[in-house]
Amino acid sequence: MQRLLFDYGNPQEKTLIIAIAAIHGNEPAGLKALQSLYDHLRKNDITLQGRLVGLLGNIQALHENRRFLHEDLNRIWSEANISLARQRPDHSPELWELAQIFNMLDAIQYHQYTHKIFLDLHTTSGENGTFVVACDYTSSKPLLQDICMPIVLGLEEKLENTAIRYMQRQGFCALAIEGGLHTSKSSVDHLLWGIWKILHNTTLVNDSKIPQLSEIKDQLSQRTAHLPAILEVDYLHNVALNDEFVMKPGFKNFDRVEQGQLLAKDKRGQIYAKKSGYLLMPLYQKEGNDGFFIVNQALQEDWS
């Protein structure tokens with residue numbers, strides 16, 4: 001597999017969108033969504049009023065259908081790790097991947113663009129996990145009009161050294177789009193919908209050139225009608241490597257939970273919800289350090 005999936009549009013325009021898929025190797029839906037997007041653009045000879053670049057994240061882990069091989073590629077985007085990756089890419093499989101990604105970012109020369117957007121495409125191990133993570137809602141708001149997905153604030157602040165936090169510091173409007181369950185075809189459709197909406201909202205593509213996705217919009221609207229449009233993270237349960245963490249079966253993303261409700265167990269005993277709210281990203285896979293999040297409706301001043 002090639003790191004660069006496509007480089008499409010006019011590099012002389014002011015707007016650059018970089019979309020990266022499979023930063024976690026057990027999340028192939030983003031790759032399928034970008035391939036479908038590029039096929040439609042190319043087959044219909046669509047002109048973009050900007051530049052759209054598709055990249056692949058953890059290629060080695062993707063081959064093995066694993067979240068990562070040695071360390072989480074979406075937790076090592078720090079200046080120290082990037083410097084180490086450039087100097088010693090053989091230090092770990094993920095540092096090699098990081099070095100290759102930054103070789104591509106260097107070649108893109110993103111600093112020359114006045115309007116920069118970074119999209120990190122993901123899926124979850126629990127069902128109904130369709131939402132958007134926005135680093136800065138004020139700058140992201142124009143991009144997210146009518147996207148029909150809950151917008152979650154503050155999640156990236158709970159996680160260290162993520163791609164979207166790093167790219168935000170580089171002047172990008174940085175978003176993570178979560179499509180849904182890892183293995184569901186609908187997750188590909190949801191990611192595609194999100195990308196097309198952002199292309200539309202940035203006026204990179206004419207409305208008449210966007211494929212008809214009304215069925216996906218209706219599905220998302222119905223699925224999320226009961227949820228607040230904007231939520232913020234109230235709690236994260238971290239998981240250490242040897243915790244023997246096991247999530248209680250049957251939970252889905254955005255299930256309502258009450259304070260004191262039994263959610264999981266580990267080697268120390270049972271784990272109860274410390275707050276009431278909506279459960280987000282319950283961990284139903286062996287790899288990962290985030291057991292679950294609890295989110296609630298964001299305060300008005302956070303997103304007005």
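The values are calculated or read from the model by the stated rules, or taken from the named source; none is laboratory data. This structure is a prediction, so every number in the text was calculated from the model and none was measured. Every residue, glycine as well, gets a Cβ built from its backbone with ideal geometry; the counts of neighbours run over all protein chains shown. Heads up: the accessible areas ignore ligands, DNA and RNA and are worked out on the full protein's heavy atoms, side chains in. Shrake-Rupley method; radii C 1.70, N 1.55, O 1.52, S 1.80 Å.
A few comments on the model shown:
- The stretch 1-68, relative contact order [Cα under 8 Å, separation at least 6], %: 53 percent
- Whole-percent carbon and sulfur share, accessible surface of the stretch 28-153, 1.4 Å: 45 percent
- Taking 0.36 nm per residue of sequence separation and removing the Cα-Cα distance, the K265/E215 pair yields an extension gain of 14.1 nm.
- Å² per residue, accessible surface of the stretch 231-273 at 1.4 Å: 59 Å²
- Two-site label geometry, H91 and E287: point separation in nm, points 7 Å out along Cα→Cβ: 1.9 nm
- Assuming charge only on the beta carbon of Lys and Arg (+1) and of Asp and Glu (-1), the dipole of the chain about its Cα centre is about 220 debye to the nearest 20.
- Ordering Q297, G179, I271 by the projection of their Cα atoms onto the charge dipole of the chain, which places +1 on the Cβ of Lys and Arg and -1 on the Cβ of Asp and Glu, puts G179 at the extreme positive end.
- Simple label model, 7 Å out from Cα along Cβ direction - D136 to K274, nm: 2.9 nm
- Value of relative contact order over the chain, rounded to a whole percent, pairs C-alpha under 8 Å and six or more apart: 18 percent
- Among the trypsin sites (Lys or Arg not before Pro) within the stretch 212-258, those in coil by DSSP and having at most 16 neighbouring Cβ atoms inside 10 Å are K252.
- Using only side-chain charges placed at the Cβ, +1 for Lys and Arg and -1 for Asp and Glu, the dipole size of the stretch 101-157 relative to its Cα centre rounds to 180 debye.
- Label-point separation in nm, T183 to A107, each point 7 Å along Cα→Cβ: 3.5 nm
- Lysines whose Cα lies under 27 Å from that of K275, excluding same-chain neighbours fewer than 8 positions away: K158, K248, K252, K265, K267, K286
- DSSP bridge analysis restricted to the chain gives an antiparallel fraction near 50%, rounded to the nearest 5.
- Nearest-20 debye value, the stretch 226-279 charge dipole, Cβ charges on Lys, Arg, Asp, Glu: 160 debye
- Per residue, the convex hull spanned by the alpha carbons of the stretch 222-300 comes to 94 Å³.
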